[in-house]
Amino acid sequence: MKQQIRLTEMKKQEKGVVVAIVGGGGMTRRLEALGIRPGKRIQKSSESFMRGPVTVRVENAQVAIGFGMASRILVELDRGET
Amino acid sequence: MRILLMGNPNVGKSVVFSRMTGARVITSNYPGTTVEYTRGYMRIAGQRVEIADVPGTYSLEPTCKAEEIACRMLEEASDNVIVINIVDATNLERSLNLTLQLLKRRVPMVLVLNLWDEAGHIGVHIDAEKLEQILGVPCVPTVAVTGEGIKKLVERLSEARESDYEYGEDEKWHEIGEIVGKVQRITHRHHTPGEMLADASVKPFPGALIAIGILLLAFEVIRTIGEGLIGRVGEPVFEGLWAPVMLRLSSLLGGTGFVHDLLVGRLVDGEIDFGQSFGLLTTGLFVPFAAVLPYVFAFYLVLSFLEDSGYLPRLAILLDSIMHRVGLHGMAVVPMLLGLGCNVPGALSTRIMESRKERFIAGTLMAICVPCMAQVSMIVGLAGKHGARSLLPIFGTLFVVWILLGRLLERFIRGESPEILMDVPPYRIPHLGGFLKKMWMRIFWFLREAIPWVLLGVLLVNVLYSLGVIQFIGEVAAVVITGILGLPKEAVGGLVVGFLRKDVAVGMLAPLHLSVKQLIVACVVLTMYFPCVATFAVMIKELGILDMLKAAAIMVISALVVGGFLNLIL
């Protein structure tokens, strides 16, 4: 059974597939434009303290996403455990 | 005929533009370098063709002011237009989103696959011919920084055509996925050292340490080069070569009189004092060339390197949380850093911020708390002789005001402060040719902007003094100047000239023999109370007259409050 979590809950270097973006059309479109949309494989590359931005790798790009937006991106982890 | 260069941010549109037209535009390695369009011309088959470098946009639905400009330019394009759509070959999939939207507009188009070399390095291989067949428009691979493929691009402009490519809006991404699947092949590769560094520099640890290291190093490099150039080139040239010429001129003019004072200025103990004489040919030339230019040169050397390497967006991520406290997000480091060079480009670059609230806060904070390099170098020259005892309170106060005022604006300015969402470009080794060109352009712009205003400032000082206007304002404003700020009445001259040019204004404090405390108050107030006229004009355009009036009120009030406070506690 694969696990769905928020992007903000992913651990660094963990990989997964975006399953849903919980947000309005504007936010969805802006994320899409940077290559982040349901079905895309991503890898979380960093996070910061104090609810700072999360960065992910998608295809050959690295994208920084504000904490609030990142918490509305749901990801299915590659591994089922934890 | 007109050509529009369009594409996502940071794919190299401006580099292609300057390759095609030879026109000078600033290029960097971060999204949002170009916030305004630039026109250039080139000859194609004997015909003069206008080419426009358009700000980058991810889609034809704009999300910030720079993107709005891009979309409006496409809307306004007449029949006789060709769009060159530049895409990032290393990120073909997401680039094609804009490409399909452009194809749908049915404008004649050529597709450029830029960063072709980088794509090869990371194992991305694109079949340009197949892509051409699918999309129905010419596709040309290029490496714009070296000029590879640009000739081919120009040759193929005549083949630009409207595509008849059809797709349903709902299946857009599916469609794009299919195209990419057909034309792109990826060979396996390992993480490069650059990518490892890229990850390391955005993590709180060791990213914050790296940032502090880089900023300290940058500061040290600027100080060393700036001081070195002033001490070894600027001052020797003026003192050794120019001073004798001026003394000669002084005696030719009879050593006194209005014309003498205007050109040569007042002699101090029978000698030229380039800091205090205040003649057009003495202080008027010394300030821009010998006192300010060395620091401006050193600053842009460091800034250009940070821009071209791709470090700025990393700094933006690290500072994002702090920036949110003042109602901005990380990318607001760009206007602040550019403003440190000159407030004018700083004010323009607020266009990369999404909301009106952010643009207002960024513009206002920059104008109030970020002194330009011309002003910094004069402050260092004047107050630096007391060392950290005066410099630390000056710049420390500005920093504290930046935070406190930012907190207040964040709370009281209505509107939204969106979160950061930004492409983080890979680290790149700055291309030497582009780097040198950018340095030259910035130095040239500085001289072109600064010299007329400095000379006008010096001229105005002389005229207003001889008419007694400044003395009059001094009497009238004595309550504020002496009462609140604790400065001598004569300091009003600096405040008057500060509207024109901050470096001259700081220079006018030199003959007043201020105490350390007065120096601190004067330098802080001169930075805060109003931007120079060039910045003011740009800010009116960017914020609108009403918001600018609001900003101006905030400037004057906060300058008086902070200046009065410093006068009380120091």
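The values are calculated or read from the model by the stated rules, or taken from the named source; none is laboratory data. Small disclaimer: the values here were computed from a predicted structure and weren't measured. As a convention, Cβ positions derive from the backbone with ideal geometry for all residues, glycine included, and neighbour counts pool all protein chains shown. The protein model used for the area step is the full one, side chains on, heavy atoms only, and it has no ligands, DNA or RNA in it. Shrake-Rupley method; radii C 1.70, N 1.55, O 1.52, S 1.80 Å.
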With a 1.4 Å probe and ligands and nucleic acids left out, the total accessible area lost when B pairs with A, in Å² to the nearest 100, equals 2900 Å²
Asserting the computed 222 nm helical MRE of chain B (DSSP H runs at least 4 long, -39500 (n - 2.57) per run, divided by residue count, to nearest 500) equals -18000 deg cm²/dmol
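Whole number please: convex hull volume per residue of the Cα set in region B:2-186, in Å³? Could the numbers behind the result be given before it?
On the way: hull volume 19.7 nm³, N = 185.
So the per-residue Cα hull volume is 107 Å³.
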Listed by chain and number, the aspartates and glutamates with an alpha carbon less than 19 angstrom from that of B:Lys151, same-chain partners under 8 positions apart left out, are B:Glu50, B:Asp53, B:Asp88, B:Asp117, B:Glu129, B:Glu132, B:Glu159
Residues of region B:408-439 that bury at least 40 Å² of accessible area, probe 1.4 Å, when all protein chains are present rather than the chain alone, are B:Glu419, B:Ile420, B:Leu421, B:Val424
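Using 1/(1 + (r/R0)^6) with R0 = 22 angstrom and r between the beta carbons of B:Arg24 and B:Ala45, what's the FRET efficiency to the nearest 0.05?
On the way: r = 25 Å, r/R0 = 1.13.
Computed FRET efficiency for B:Arg24 and B:Ala45 comes out at 0.35.
With the Cα gyration tensor of region B:379-419 giving a ≥ b ≥ c as the square roots of its eigenvalues, does the rule (a/c under 1.5 for rounded; else a/b larger than b/c for prolate; else oblate) give rounded, prolate or oblate?
Cα axes put region B:379-419 in the prolate bin.
Figure the gain on full extension for B:Ile443 and B:Lys104 (residue separation times 0.36 nm, minus the Cα-Cα span) and round it to one decimal in nm. Don't skip to the answer; put the middle values down first.
Working: separation 339, 0.36 × 339 = 122.04 nm, distance 4.28 nm.
117.8 nm is the gain from fully extending B:Ile443 to B:Lys104.
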Taking region B:423-474, the whole-percent share of alpha-carbon pairs separated by over 16 angstrom is 66 percent
Cα pairs beyond 46 Å in the protein assembly as shown, in percent, come to 25 percent
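In whole angstrom, how long is each semi-axis of the equivalent ellipsoid of region B:1-49, when you take the square root of 5 times every eigenvalue of its Cα gyration tensor and sort them from largest down? The partial results should precede the final answer.
On the way: eigenvalues 92, 21, 15 Å².
Value: 22, 10, 9 Å, ordered largest first.
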Note on region A:41-82: residues buried by at least 30 Å² of accessible area once partner chains are added (vs chain on its own, 1.4 Å probe) come out as A:Ser46, A:Phe49, A:Met50, A:Pro53, A:Arg57, A:Glu59, A:Asn60, A:Ala61, A:Gln62, A:Ala64, A:Gly66, A:Met69
Check: C-alpha center region B:155-187 vs C-alpha center region B:516-570, spacing in Å is 53 Å
Scan of chain B for GluC sites (Glu not before Pro) in DSSP loops with at most 15 other beta-carbon atoms within 10 Å gives a longest site-free stretch of B:167-415
So, with points 7 Å from each Cα along the Cβ direction, the A:Met50-B:Glu76 label distance in nm works out to 4.1 nm
Accessible-area order for B:Tyr311, B:Tyr465, B:Tyr165, B:Tyr427, largest to smallest, probe 1.4 angstrom, reads B:Tyr465, B:Tyr427, B:Tyr165, B:Tyr311
Long-range alpha-carbon pairs in chain B, meaning those over 29 Å apart, account in percent for 59 percent
Excluding residues fewer than 8 positions from B:Lys541 in its own chain, the aspartates and glutamates with Cα under 20 Å of it are B:Glu36, B:Glu67, B:Glu68, B:Glu354, B:Glu358, B:Glu449
Against the 2.2 N^0.38 Å rule of thumb, the C-alpha Rg of region B:423-570 sits at a ratio of 1.28
Expected field for B:Trp440, accessible surface area in Å² at 1.4 Å probe radius, rounded to 10, holds 130 Å²
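Please work out how much length the chain gains when fully extended from B:Phe399 to B:His513, using 0.36 nm per residue of separation minus the C-alpha to C-alpha distance, in nm with one decimal.
Here the segment from B:Phe399 to B:His513 would lengthen by 38.4 nm.
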In order over region B:518-529: 3J(HN,Hα) from phi, Karplus 6.51/-1.76/1.60, θ = phi - 60°, whole Hz, x for each Gly or Pro, gives 5, 4, 4, 4, 4, 5, 5, 5, 4, 5, 8, 5
Distance in nm between B:Lys152 and A:Gln13 label points, each 7 Å along Cα→Cβ, equals 4.0 nm
With B:Cys342 itself left out, Lys, Arg at +1 and Asp, Glu at -1 over residues whose Cβ is under 10 Å from its Cβ give 0
Plugging the Cβ-Cβ distance of B:Val245 and B:Ile451 into 1/(1 + (r/R0)^6) at R0 = 22 Å yields, to the nearest 0.05, a FRET efficiency of 0.70
For the pair B:Ile429 and B:Val480, the simple spin-label estimate (label points 7 Å beyond Cα toward Cβ) gives in nm 5.5 nm
From the Cα centre of region B:435-509 to that of region B:258-288, the distance in Å is 15 Å
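Viscosity 1.306 mPa s, temperature 10 °C: what is the translational diffusion coefficient of chain A from Stokes-Einstein with a Kirkwood Rh over Cα pairs, rounded to a whole number of µm²/s? Numbers along the way, then the final one.
Numbers: Rh = 12.4 Å.
Translational D for this selection: 128 µm²/s.
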1/(1 + (r/R0)^6) with r = Cβ-Cβ of B:Asp164 and B:Arg2, R0 = 22 Å, i.e. FRET efficiency to nearest 0.05, evaluates to 0.45
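If you place +1 on the Cβ of every Lys and Arg, -1 on the Cβ of every Asp and Glu, and leave all else neutral, what size is the dipole of region B:2-186 about its Cα centre, to the nearest 20 Debye?
On the way: 21 positive and 27 negative charges, 156 e Å.
Dipole magnitude for region B:2-186 comes out near 740 debye.
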Checked against a 18 Å limit on the C-alpha separation, the offending pairs among A:Lys44/B:Lys203; A:Lys44/B:Lys182; B:Lys517/B:Lys550; A:Lys2/A:Lys40; B:Lys13/B:Lys203 are A:Lys44/B:Lys182; B:Lys517/B:Lys550; B:Lys13/B:Lys203
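Give me the number: length gained by fully extending B:Ala553 to B:His386, i.e. 0.36 nm times residue separation minus the C-alpha to C-alpha distance, one decimal in nm.
Numbers: separation 167, 0.36 × 167 = 60.12 nm, distance 3.26 nm.
Contour length minus Cα-Cα distance gives 56.9 nm.
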Region B:15-42 and region B:386-424 have their Cα centres apart by a whole-number Å value of 31 Å
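How large a share of the accessible area of region B:2-186, in percent, is made up of carbon and sulfur atoms when the probe is 1.4 Å and the other protein chains stay in place? Write down the numbers at each step before the final one.
Numbers: 3330 of 7490 Å².
The C+S portion of the solvent-accessible surface of region B:2-186 is 44 percent.
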Largest-first semi-axes in Å of the equivalent ellipsoid built from the Cα gyration tensor of region B:105-202 are 28, 20, 12
Per residue, accessible area of the protein assembly as shown with a 1.4 Å probe, heavy atoms of protein chains only, in Å², comes to 42 Å²
In Å, the C-alpha Rg and Dmax of region B:6-90 are 12.5, 39
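What order do B:Trp242, B:Trp445 take when sorted by accessible area (1.4 Å probe), most exposed first? Numbers along the way, then the final one.
Values: B:Trp242 80, B:Trp445 100 Å².
So, going from the largest accessible area down, we get B:Trp445, B:Trp242.
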